[in-house]
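Coordinate-derived values only; no laboratory data. Keep in mind the model is a prediction, meaning the values are calculated, not measured. Note that we place each Cβ from the backbone using ideal geometry, even for glycine, and neighbour counts take in every protein chain shown.
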Amino acid sequence: MEKDRKTGLHYRAIWYYKYEIAEGNLKGKRIAVFLDERLKADKGKDYLSRIEENDTQLLENFFKNQYRLGTIAVISDLEESGERIYNLLGKTEYTYYVKCAELRVNS
C-alpha cells in the first residue's frame, strides 16, 4: 500500500472502466466496473477456507466464478470520476482512501 505525500494517508489502487449504455430501458445511463484486487484476494481466501476437504463441487464452483470476485458494477446517471463513484458506495474497510485508475478499453 502506498502513502500519499500530501495527506500521509495510505491508499491502494482500484482498477475500473466505464461506458454509456446505448440502447434499451437504461439508455443514457453509465456503467462503471471496478476491480479491487485486495477484495478479490480476501473473498477468495474466505471462500476457500469454508470448503470442506473433499467437496469437489464447491471447489469447481470457486474456479468457475473466481473471476467475479472483487468485481463491482455500478449503473448510474452520474457524470463523476470512477474514484468518486466508488467512494459513494459507502465507507467500508475496502473503500477508505481509494485511488482509482481507469483502464482504457478498446471499442
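Brief remarks on what is shown
- Near the amide H of K29, within less than 5 Å, lie the amide hydrogens of I21, all on another chain or at least 5 residues away, with H placed in the peptide plane.
- Residues D77, D36 arranged by fewest to most Cβ contacts within 10 Å: D77, D36
- Ranked list, fewest to most other Cβ atoms within 10 Å of each Cβ, for R68, R30, R12: R68, R12, R30
- Sorted fewest first by neighbouring Cβ atoms within 10 angstrom, T56, T71 come out as T56, T71.
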